[in-house]
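Novice: After the structure tokens below, expect a handful of questions from me.
Derivation of every value follows stated rules applied to the coordinates shown; laboratory data play no part. Here the structure is a predicted model, which means the values were calculated and not measured. Counting neighbours? That spans all protein chains shown, and the Cβs are built from the backbone with ideal geometry, glycine included.
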Amino acid sequence: MKLLLFQNKTKIMEAIFYVILGLLFLLAISDLVVGVSNDAVNFLSSAVGSKATSFRIILVIAGLGVLIGAIFSNGMMEVARKGLFHPEMFMFSEIMLIFLAVMMTDILLLDFFNTIGIPTSTTVSLVFEILGAAVSMALIKITISGDAYTTLGNYINSDKALAIITGILVSVVIAFSIGALIQYLSRILFTFSYEKKMKYFAGIFGGLAITGIVYFILIKGLKDSSVVSKDTYKFIEDYTLYILLVGFLFFGGILQLMYTFFKTNVLKIIVLVGTFALAMAFAGNDLVNFIGVPIAGFKSFQIFQAQQGVANPDTFAMGELNAPVQTDLYMLLIAGLVMMATLWLSKKARTVLETSVQLSKQDSKGKEQFGSSFLARIIVQGATDFGKKVGRIVPKSFSASINKRFEQEKVKKEDKKNIEDKPAFDMVRAAVNTLVASFLIAIGTSLKLPLSTTYVTFMVAMGSSMADRAWGRDTAVYRITGVLTVVASWFFTAFIAFMAAAIVLFILKMGGVYGLGFMILLSLFLLIRAHKIHKLKSKNKANEAGSASRFMSLTPEKMFDSITETAIVTLKDTNRIFQQSFEALFDEDRKNLKKLNKEVSALNKITKAEKEKAYQMAESFPEHLINIGNMNIQLQQNVREITYCLNYITPPAFLHVNNVHNPLSSSQQEDLRLIISQMSRLYEILFEGLKVKSIDHSLFETELGMIQESLEKYRLEQIKRAQEDLYNSRTSLLYLSFLHECGNMANHMHNLVITCKRTHDVC
């Protein structure tokens, strides 16, 4: 009877483990998708930012690199065999839950970073997820067994975590510094008119670059490869210097000849070869970050199955996982194909890519992706002061000669007509980015330093953009905020990965089948929600870009119509919120005021964006349409000022009600209702006039005069009431501030009418 019960229990457990194994492989495919979406920035940013060739060709080259890199992959279960935890201390059922918790957390975490467009390290996330899940399981085991918590060291090896944190710091400092130095020297050598210099330096620069990239492929891409034998790799290591020398002479000679006779763009070749090399190394070495854990789970299941049903999953120790595991070639090939498909189809990969390119772009035009921060302001202020002090010491003639090497006026004039097609940065910077990143990663690998490919490629790009003076006075504080945000997110990744995996493991372990079901549903919900958020953001961005291009294709008359229609929509929203804010205040409707507060914030963002867009579009207007650009700028400024008045009405009203202060008196409410009614008439005159392009100026002036008289009258009456101490000071101040802001709003509306009248009597 006992044997029968044991067999039934074993069958049920086996079915559950089949489900877990199936989930692991489904999660592996999902992890490949979200992982590549985040890591694609490592090898695409230079080629895409410089527009070395069409986006499709870049994807083909990167895709081939990824596929070949996957086939050449060492196939080793890197993370499992490097001793993050001691497998012999965990049972089969525990190991499977650890792997499942890791994969669930990894997908959710990477998808979150993809949604917000921040590049992070898949290696860091995976390492700390394994540590978090293993620590959580170890603590559960220790608690149940009653052992001392000091025995945690028997389960976990924390040296790897320390090496990863060290790797972040080393990568950030070294990559940024060397990227900045090489770019500075390259720009002094080539200037922004680099085509003239290529006839002298095409062979030397190209030979160095291609040789460096080949060295990167040989050292980093083929290290521990299952295709290249150990003897071959040892030969490469022993004769590295000779290979580099021959490579430099060969590639340098070929490139110089190609430039001399065919005027081949040597820098484009460097960028595209570098893109291929980085993509190959990424797939060859980071592939295990996505499929290593599921492969480890599969191997664990095979080890358990080999016991032919006699082993208990709760007591069978997994010491055999200490041995390295070779991954089958077909699995690597499938993984490579999934990654290739992701490169082509993932919109989130392009969002992450945009972050890196935006922070590196040469000009200061367009909307900055990040805001300002206190630390960034301190850094920029310090650097500016330091630059001024250095400027006093350095001879002016020397400064002038250096500054001349960084001049780009001619380039700007040539590119002004095709501003949308202009690359974020030129080929010189793109070549430096790929060359320096490849070289640093290769050296780090040969010296066994814990460098991260993500950190190196990103920080090289940031260092080169700073050295190239892309971070000017108008953009530095925003770009540095962006870099600080990304770097902080890397440390944040480690902490969140650890904690989240620990919590997920706890739910899976303590919740059993119900915990598993809950985590599956939660994961699906979060992934679907993130997808919807990203889809909405992408749609809004596409609509914004589309509306700008559609506007430029309109006739002058249609342009006027479009401008006024946009203004009317915004002003109608402003009037609605204006009226509803006062009604909610009178009714002490806290919930509605809170909602209106959010609408005010959203409206502020819209008017700010419209104002900035008006400036940007005016720059690209032809001479005969310059009046339209001028009208658009003034109109958007006036609309912005009118809308901004809500900031001094709705938020103070919400604060007053939220703090449960005394309501406005009935006489104060009556006064404000009359003002609201008068303001509504003013808005109606404005709407009607903008619609038919003919504002009744005399009627508007009459209504405006009546409002100003009412405001003055109510102000004096309130002061008299205050002197008689009829109302408390808090309510009186709020009432007076509302009167003042209504006056400001009316005056800004008057300015809008004057703008329309001045601009060729458009309205």
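Novice: Need the C-alpha centroid separation for region 591-647 versus region 729-760, integer Å.
Specialist: Each part's Cα centre sits 17 Å from the other's.
Novice: Need one word for region 591-708: rounded, prolate or oblate. Basis is the Cα gyration tensor (sqrt eigenvalues a ≥ b ≥ c); a/c below 1.5 gives rounded, then a/b vs b/c decides.
Specialist: oblate
Novice: Would you mind ranking Ser680, Ser710, Ser666 so that the residue whose beta carbon has the fewest other beta carbons within 10 Å leads the list?
Specialist: Working: Ser680 13, Ser710 18, Ser666 9.
With the sparsest Cβ surroundings first, the list reads Ser666, Ser680, Ser710.
Novice: Only counting other Cβ atoms within 10 Å, I'd like Arg56, Arg405 sorted with the fewest neighbours first. Numbers along the way, then the final one.
Specialist: Details: Arg56 9, Arg405 14.
Lowest count first: Arg56, Arg405.
Novice: Here's something else I'd like to know. Classify region 554-758 as rounded, prolate or oblate from the Cα gyration tensor: take a ≥ b ≥ c as the square roots of its eigenvalues, call it rounded if a/c is under 1.5, otherwise prolate when a/b beats b/c and oblate if not. Working shown, then result.
Specialist: Working: a/c = 2.76, a/b = 1.84, b/c = 1.50.
Prolate shape, in that a/c is at least 1.5 and a/b is the bigger ratio.
Novice: A further question follows. According to the square roots a ≥ b ≥ c of the eigenvalues of the Cα gyration tensor, what is the shape class of region 109-176, taking rounded for a/c under 1.5, prolate for a/b larger than b/c otherwise, and oblate for the remainder?
Specialist: Numbers: a/c = 4.99, a/b = 1.82, b/c = 2.74.
Taking the square roots of the gyration eigenvalues as a ≥ b ≥ c, region 109-176 is oblate.
Novice: Mind sorting Tyr644, Tyr215, Tyr242 by how few other Cβ atoms lie within 10 Å of their own Cβ, fewest first? Kindly include the intermediate steps, with their values, before the conclusion.
Specialist: On the way: Tyr644 19, Tyr215 22, Tyr242 9.
Listing Tyr644, Tyr215, Tyr242 from fewest to most nearby Cβ atoms yields Tyr242, Tyr644, Tyr215.
Novice: Taking 7 Å along the Cα-to-C-beta vector as the label spot, tell me the Lys691-Leu64 distance in nanometres, rounded to one decimal.
Specialist: Rounded to a tenth, the inter-label distance reads 6.1 nm.
Novice: Further, regarding this structure: With r defined as the distance between the Cβ atoms of Glu684 and Thr384 and R0 fixed at 41 Å, what FRET efficiency is calculated, to the nearest 0.05? Walk me through the numbers before you get to the answer.
Specialist: Values: r = 50 Å, r/R0 = 1.23.
After rounding, the FRET efficiency stands at 0.25.
Novice: Something else now. Do the alpha carbons of any pairs in Lys347/Lys572; Lys389/Lys613; Lys422/Lys558; Lys51/Lys611; Lys347/Lys605; Lys361/Lys388 sit beyond 32 Å of each other, and which pairs?
Specialist: Details: Lys347/Lys572 35 Å; Lys389/Lys613 37 Å; Lys422/Lys558 28 Å; Lys51/Lys611 29 Å; Lys347/Lys605 25 Å; Lys361/Lys388 25 Å.
Distance filter (> 32 Å) returns Lys347/Lys572; Lys389/Lys613.
Novice: Compute the separation of the alpha-carbon centres of region 373-392 and region 125-160 and state it in Å as a whole number.
Specialist: 46 Å
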